[in-house]
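Report on the following structure.
The values are calculated or read from the model by the stated rules, or taken from the named source; none is laboratory data. The model shown is predicted, which means the values in this text are computed figures rather than measured ones. Note that we place each Cβ from the backbone using ideal geometry, even for glycine, and neighbour counts take in every protein chain shown. Heads up: the accessible areas ignore ligands, DNA and RNA and are worked out on the full protein's heavy atoms, side chains in. Shrake-Rupley method; radii C 1.70, N 1.55, O 1.52, S 1.80 Å.
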Amino acid sequence: MSAHSFRRHWREALQGFWRNGAMTVAAASAVAVTVLILGFLLALVANTNHLTTEVRGQVTMVAYFKDGVTTQQISALEQQLRSDSKVQEVRYISKAQALQQMKEQLGANSSLLAGMENRNPLPASLQIKPKQTEEVAALSQMLQENPAIEKVNDGGQVVPQITRVTNIVRGVGAALVIALALTSAFLIANTIRLTIYARRHEIEIMRLVGATNGFIRWPFIIQGFLLGLCGAILPIVVLNVGYQYAAQRWGSSLIFSMVSPDALLGPLTIVLLLISIAVGVGGSLTGMRRSLRV
Amino acid sequence: MIEFADVTVRYQTGVKALKDISLRINLGEFVYVVGPSGAGKTTLIKLIYLEERPSSGRVFVNNVDVSQVPSRRIPYLRRNIGVVFQDFRLLPRLTAFENVRFAMEAVEAPPKLIHRRVMEALDQVGLAHRADAFPEQLSGGEQQRVALARAIVNRPKILVADEPTGNLDPETSWEIVKLLETISVDGTTVVMATHDREIVNARKKRVIELDGGRIVRDQQRGMYAGVSALLP
């Protein structure tokens with residue numbers, strides 16, 4: 001394509017906007033709403049994923065020993081767990097240590113435990129960090145079968161719950177975003193169709209004098225591209241500013257940490273731009289397919 | 001060169017617009033196509049500028065068998081064919097100059113060539129002084145001359161005109177026909193469909209008469225109506 005034709009296609013595409021102002025605004029707004037919601041959902045999913053990984057890293061099982069087990073029994077089980085490939089870390093907490101921990105947790109109220117040193121009701125335990133959360137169930141089963149073990153607290157219930165919530169967010173979000181993207185593409189297709197209608201005489205003359213299909217189509221493709229791009233800019237700015245603000249305000253005060261803006265916003269912006277441009281060009285191609293007989 | 005070999009055009013409605021047409025038009029020839037409304041004149045013209053394809057038979061335009069040619073090549077073949085219509089089909093927002101330039105831009109002609117060629121074409125139809133006028137500021141005859149300049153600016157080998165004088169008064173019609181003849185003298189093949197009895201009779205060119213989709217007469221130095229029609 002010559003530089004001259006290139007400039008001409010862009011000029012024609014921009015003219016197409018001025019001539020269909022209302023439709024252009026409608027289509028670009030639809031893209032904006034789609035991008036805003038998609039961006040919000042992506043940020044949400046990124047953060048729930050982040051949370052899941054964080055929680056997974058923290059899952060710790062506790063196996064409490066029966067009263068009166070021998071040190072041999074304890075060290076035998078400890079050895080067995082250390083050599084188990086499913087286990088990352090094992091720590092033994094003696095009865096005395098358990099009492100000490102509880103005292104620390106109670107702080108000022110630790111006097112409640114005064115005199116308990118001699119008849120310590122707390123059991124000795126093993127704290128076990130599994131390598132994978134998925135292995136919690138198997139380990140728990142194995143420990144419960146051990147005669148020295150009174151009770152197992154597998155602490156793994158949180159993860160499936162978070163995963164379930166994340167999956168629902170993803171499912172609903174994906175459906176919403178797909179519906180919105182289709183609406184945007186449809187509106188863009190309509191804008192293109194209106195422009196084609198407004199230019200039908202020019203297009204007819206172009207065809208008669210031997211303009212190629214590509215030459216006739218380029219301005220409309222550019223128009224779709226620009227509609228997608230223009231629609232994306234405002235929500236992307238809003239998302240960037242909004243997320244920076246949220247991270248600054250709540251990032252450290254929540255029980256879990258947010259994904260840092262630096263890590264999230266760059267990729268998010270690129271993904272949103274690419275998607276909105278794809279919607280724009282896709283809508284434009286659909287609009288042409290129906291009404292541009294070439 | 002235009003050649004039709006046993007050409008039939010059947011529309012989707014089942015109506016046959018042309019039936020077994022065979023003809024040959026040589027380079028630089030000037031041909032009138034006459035006949036009543038619905039005789040198939042427009043379909044014949046459309047076959048030449050590749051707007052229509054034959055249902056059967058073969059059409060050669062500039063030595064290319066256009067009945068076989070793939071769609072994507074058609075734009076390039078059209079660049080050798082100029083077209084003029086009864087309703088001018090100028091773009092109202094563009095000046096005369098811009099209307100003619102539009103045809104060169106659409107085929108991505110070198111920008112350096114455009115200005116000179118557009119002015120030459122406008123000069124050829126005698127409208128160089130009206131280059132900056134918009135269509136609504138021009139008379140019907142002037143508008144048709146701009147359309148003519150647009151049709152020839154890419155220097156086609158063939159010029160087809162579908163009732164180019166249909167909307168014009170007799171005097172203006174003469175001007176257009178004389179211009180078409182000048183263009184044909186320069187070596188361009190001109191095919192003009194017309195209802196205009198006076199023009200055909202006065203110019204004594206080749207006449208192809210259609211009726212009901214068939215050629216009923218093909219005569220050098222012909223009249224609008226054949227001899228048979230003149231007899232009582």
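Would you mind checking B:Lys16/B:Lys157; A:Lys66/A:Lys131; B:Lys157/B:Lys205; B:Lys16/B:Lys204; B:Lys16/B:Lys178 for any pair whose Cα atoms are more than 22 angstrom apart?
Among B:Lys16/B:Lys157; A:Lys66/A:Lys131; B:Lys157/B:Lys205; B:Lys16/B:Lys204; B:Lys16/B:Lys178, the Cα-Cα distance tops 22 Å for B:Lys16/B:Lys157; A:Lys66/A:Lys131; B:Lys16/B:Lys204; B:Lys16/B:Lys178.
What are the equivalent ellipsoid semi-axes of segment B:90-155, built from the alpha-carbon gyration tensor (square roots of five times its eigenvalues), in whole angstrom, biggest first?
Over the Cα atoms of segment B:90-155, the semi-axes work out to 18, 12, 10 Å.
Cα to Cα, under 20 Å, and not fewer than 8 places away if on the same chain: which lysines meet these conditions relative to A:Lys103?
Cross-link targets: A:Lys95.
Could you name every residue in segment A:185-224 that has 20 Å² or more less accessible surface in the full protein assembly than in its own chain alone (probe 1.4 Å, ligands and nucleic acids excluded)?
At a threshold of 20 Å² (probe 1.4 Å), the residues of segment A:185-224 that become less exposed are A:Glu202, A:Glu204, A:Ile205, A:Met206, A:Arg207, A:Leu208, A:Val209, A:Gly210, A:Ala211, A:Thr212, A:Phe215.
Note the full-extension length gain between A:Asn213 and A:Ser94 as 0.36 nm times their separation in residues minus their Cα-Cα distance, in nm to one decimal.
Residue separation times 0.36 nm, minus the Cα-Cα distance, leaves 34.7 nm.
Using a 10 Å cut-off on Cβ to Cβ distances, tally the other chain neighbours for every residue of B:74-87 and report the average as a whole number.
The shielding value for this peptide is 3.
For helix A:71-82, what angle does its Cα long axis make with the longest principal axis of chain A, in degrees from 0 to 90 and rounded to 10?
Relative to chain A, helix A:71-82 is tipped by roughly 20 degrees.
Filter chain B for me: DSSP H helices, axial length by Cα at least 15 angstrom, mean Kyte-Doolittle hydropathy not below 0.0. List them by residue number.
B:96-106, B:170-185
With chain A treated as a Gaussian network of Cα nodes joined by springs under 10 Å, which of A:Val238, A:Val209, A:Val33 yields the largest mean-square fluctuation?
A:Val209
If I build a Gaussian network model for chain B, linking alpha-carbon pairs within less than 10 angstrom, which residue out of B:Val107, B:Val34, B:Val125 has the largest mean-square fluctuation?
It is B:Val107.
If you roll a 1.4 Å probe over the protein assembly as shown with all protein chains in place, what percent of the accessible area is carbon or sulfur?
Carbon with sulfur: 56 percent of the solvent-accessible area.
Can you list the lysines whose alpha carbon is less than 18 Å from that of A:Lys129, not counting same-chain residues fewer than 8 positions off?
Once the sequence-local lysines are set aside, what remains near A:Lys129 is A:Lys86, A:Lys151.
Going out from 0 in 10 Å bins, what whole percent of all Cα-Cα distances in the protein assembly as shown drops into each bin?
Computed distribution, short to long bins: 3, 14, 16, 14, 11, 8, 7, 7, 6, 5, 5, 3, 1, 0, 0.
Let me confirm one metric for peptide B:107-114, namely the mean number of other chain beta-carbon atoms within 10 Å of its residues' beta-carbons.
3
Of the chymotrypsin sites (Phe, Trp or Tyr not before Pro) in segment B:1-91, which ones lie in a loop per DSSP and count no more than 14 other C-beta atoms within 10 Å?
B:Tyr11
Could you work out [θ]222 nm for chain B from helices alone, using -39500 (n - 2.57) per DSSP H run of at least four and dividing by all its residues? Round to the nearest 500 deg cm²/dmol.
-10000 deg cm²/dmol
Highest GNM mean-square fluctuation, chain A, Cα pairs closer than 10 Å: which of A:Leu208, A:Leu51, A:Leu194?
Ranking A:Leu208, A:Leu51, A:Leu194 by mean-square fluctuation puts A:Leu208 first.
Two decimals is fine: what's Rg over Rh for segment A:60-155, C-alpha atoms, Kirkwood radius as Rh?
With Rg and the Kirkwood Rh in hand, the quotient comes to 1.01.
What angle do you read, to the nearest 10 degrees and between 0 and 90, between the alpha-carbon axis of helix A:21-58 and the longest principal axis of chain A?
20
Which percent, to the nearest 5, of DSSP beta bridges fully inside the protein assembly as shown are antiparallel?
The antiparallel fraction comes to roughly 65 percent.
Could you compute how much accessible surface B:Asp211 exposes when probed at 1.4 Å, giving the result in Å² to the nearest 10?
Rounded to the nearest 10, that gives 80 Å².
Could you pull the Cα extents of chain A along its three principal axes, largest to smallest, in whole Å?
Computed over chain A, the largest-to-smallest principal extents equal 103, 39, 31 Å.
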